[in-house]
Amino acid sequence: MLSKAQLEELILGAGLVVELESPIPTDREFSDLGLDSLDVYNIFVEVEVQTSIEIPDSEIANLNTIDNLHAYLAAQDS
Amino acid sequence: MTAGYAWRPYRDGDARAINDLYTKITGTTRSESEFEWQWLSAPGGNGGIWLIETAGTDAPKLVGHHGVMPVRFSNGESDLLFGKTENTMVLPDHRNRLLYPRFERRFANAYEPRFDALFSTFGDASAIRLRKAMGYDFSSTWVQLQIPTSRRADYGLLLAVLLRRLGLAAGRRRDASAVDHAVRRRTNPLPLRSLDDDAAPRDAFFDRFWAEHRRNFRLTPRRDKDDLNWRFWTNPYVSYVTLVSDALSNEQGYAIVRVNGESAVVEDIVPGPATAGSFARLLDSVLSWLSANSVNWANVSTTSDSCTNDDIASGLRQRQSLARRLRNRTPAARYMPRKLTASGKDKNLDCHDWYVTPIVFEGR
């Protein structure tokens, strides 16, 4: 299970076009942070690789913040 | 609230919904017959058309589209099939809710095996980033040359040079020798026959020209009669003038131009044999023809590929240098990304050895 800190580290290392500074506000939407769909796609790829959890398309719209993504992963892990 | 999105390939009856989406995204209308021409009538076969729809609702709504148009290429005597990505679009309201790159990965996995290479002709910054992530090469750009066809235009430039040198107009100093060159050139043009879109498909020249000369070209779109007929002569958007040079037995060629008042776009130009001299003479003859028909400027486009049929590239570079010096401007970077598929790699194709013209556009 990834902690929020690990999730943030993973996002910072996902090769994003925007340079995010740590700490990333965990309740701000990715689009508000300046991330485009390719950035978000890269984050999800990294998350799926790291956790072996496949995120269905139907969940994508809801997983738009670090908080939401972390909560989703925690639910899948429990 | 949608439960998510689903994707599927095109089915008969989708054209109207796709055109509606196209209009919402681009502001441009497209009829069903225009859709059919672009996506279902090309000599390379039907286009690969992929739709993204809302899922979990009674009536799925089309919110995204991605297509790949089959373009027949050749490498010497070898036939190839390339795919041009086209009409990638997602409704703005859904861009933050669906992860489009994930869908394009799926589409590409489905269509890549059909093609030897993929390419795009244009894209905004986000599309460029996406295609880079998909493995496309971005080292080639389109180069557009604007060349004066007539002495009147040349003298207009000469006047502009003089005005600038006298400090009467803003701008940097130009190279007068380039203007001299422009004024002295084109002393012996080849005779050209001009054909309209009805006559060109019936002209016997196109039954044999490409078959006789394709072996001298490396990676380039095929120019069999079927290819030209689809792209130009049955194009629903544009009427063209086809100029044929076949008076000499050892030096022939053709150009297809779109005339817009005092300027023209050379949308394809192919000399046979593929040498710098033949290319330069054909281009100069086309410029003379345009000049004689009251066209003062010609736009000629190709890509920056370094080894575009070396001889032709040499001929183009001469004109490119001239045009750039005359216009004193650097063309804006407009990428032509491309990617070899597994099939293209197996055939040892060179990703940078292409001779392309606006034949790979649709003329809109």
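Sort through B:VAL63, B:VAL71, B:VAL90 and tell me the only one that's more than 14 Å from chain A (Cβ to nearest Cβ) and modelled with pLDDT of 90 or more. Give the steps one after another, and end with the answer.
Values: B:VAL63 fails: more than 14 Å from chain A (Cβ to nearest Cβ); B:VAL90 fails: more than 14 Å from chain A (Cβ to nearest Cβ).
The conditions single out B:VAL71.
Return the residues of the stretch A:37-47 that are more than 8 Å from chain B (Cβ to nearest Cβ) and at pLDDT below 90; say none if nothing qualifies. Walk me through it before giving the result.
Of the residues in the stretch A:37-47, the ones more than 8 Å from chain B (Cβ to nearest Cβ) are A:39, A:43, A:45-47.
Correct list: A:ASP39, A:VAL45, A:GLU46.
Which members of the stretch A:48-64 meet the condition of being touching a Leu at 6+ places or on another chain (Cβ under 9 Å) and more than 10 Å from every other protein chain (Cβ to nearest Cβ)?
A:GLN50, A:THR51, A:ILE53 - these are the residues of the stretch A:48-64 that are touching a Leu at 6+ places or on another chain (Cβ under 9 Å) and more than 10 Å from every other protein chain (Cβ to nearest Cβ).
Looking at the stretch A:6-32, which of the residues that are under 15 Å from A:PHE44 (Cβ atoms) and small (Gly, Ala, Ser) is nearest to the other protein chains (Cβ to nearest Cβ)?
Only one residue fits best here, namely A:SER31.
Can you find, within the stretch B:108-131, the residue that is nearest to B:GLY67 (Cα to Cα) among those that are within 14 Å of another protein chain (Cβ to nearest Cβ) and buried (at least 16 other Cβ atoms within 10 Å of the Cβ)?
Filtering the stretch B:108-131 down to residues within 14 Å of another protein chain (Cβ to nearest Cβ) leaves B:108, B:123-131.
Keeping just the survivors that are buried (at least 16 other Cβ atoms within 10 Å of the Cβ) gives B:108, B:123, B:126-131.
Numbers: B:ALA108: 10, B:GLY123: 14, B:SER126: 17, B:ALA127: 14, B:ILE128: 16, B:ARG129: 18, B:LEU130: 15, B:ARG131: 14 Å.
Within the stretch B:108-131, the match that is nearest to B:GLY67 (Cα to Cα) is B:ALA108.
Considering (1) surrounded by fewer than 14 Cβ atoms within 10 Å (Cβ to Cβ); (2) closer than 17 Å to A:ASP77 by Cα; (3) acidic (Asp, Glu), say which one A:GLU46 fails and leave the rest.
(1)
Table: residues versus (1) closer than 30 Å to B:THR220 by Cβ; (2) out of contact with any Phe, Trp or Tyr (no Cβ under 8 Å at 6 or more places or on another chain).
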position	(1), (2)
B:MET89	yes, no
B:LEU98	no, no
B:ARG102	no, no
B:ARG105	yes, yes
B:PRO113	yes, yes
B:LEU118	yes, no
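Which one of the conditions (1) part of a loop (DSSP other than H, G, I, E, B); (2) in contact (Cβ under 8 Å) with a residue 24 or more places away in the chain does B:TYR22 fail to meet, given that it meets all the rest?
(1)
Quick one: which strands (runs of 3 or more DSSP E) sit completely within the stretch B:181-252 and have at least 2 residues that are farther than 14 Å from B:ALA274 by Cβ and touching a residue at least 12 places away in the same chain (Cβ under 8 Å)?
It comes to B:193-195, B:241-245.
Among the listed residues B:GLU34, B:GLU77, identify the single one that is away from every other protein chain (no Cβ under 14 Å) and surrounded by 13 or more Cβ atoms within 10 Å (Cβ to Cβ). Steps first, answer last, please.
Working: B:GLU77 fails: surrounded by 13 or more Cβ atoms within 10 Å (Cβ to Cβ).
That would be B:GLU34, the only listed residue that is away from every other protein chain (no Cβ under 14 Å) and surrounded by 13 or more Cβ atoms within 10 Å (Cβ to Cβ).
What residue, among those in the stretch B:1-19 that are in a loop (DSSP other than H, G, I, E, B) and within 14 Å of another protein chain (Cβ to nearest Cβ), is farthest from B:PHE107 (Cα to Cα)? Outline the logic, then answer.
To start, the set of residues in the stretch B:1-19 that are in a loop (DSSP other than H, G, I, E, B) comprises B:1-3, B:10-14.
Going one step further and asking which of them are within 14 Å of another protein chain (Cβ to nearest Cβ), we end up with B:1-3.
Details: B:MET1: 25, B:THR2: 22, B:ALA3: 21 Å.
My answer is B:MET1.
How about the stretch B:31-101: which strands (runs of 3 or more DSSP E) wholly inside it have at least 2 residues that are acidic (Asp, Glu)?
Working: elements: B:48-55, B:62-75, B:78-90.
Correct list: B:78-90.
The values are calculated or read from the model by the stated rules, or taken from the named source; none is laboratory data. Just so you know, these numbers come straight off a predicted model, no measurement behind them. Neighbour counts run over all protein chains shown; Cβ positions are idealised from the backbone, glycine included.
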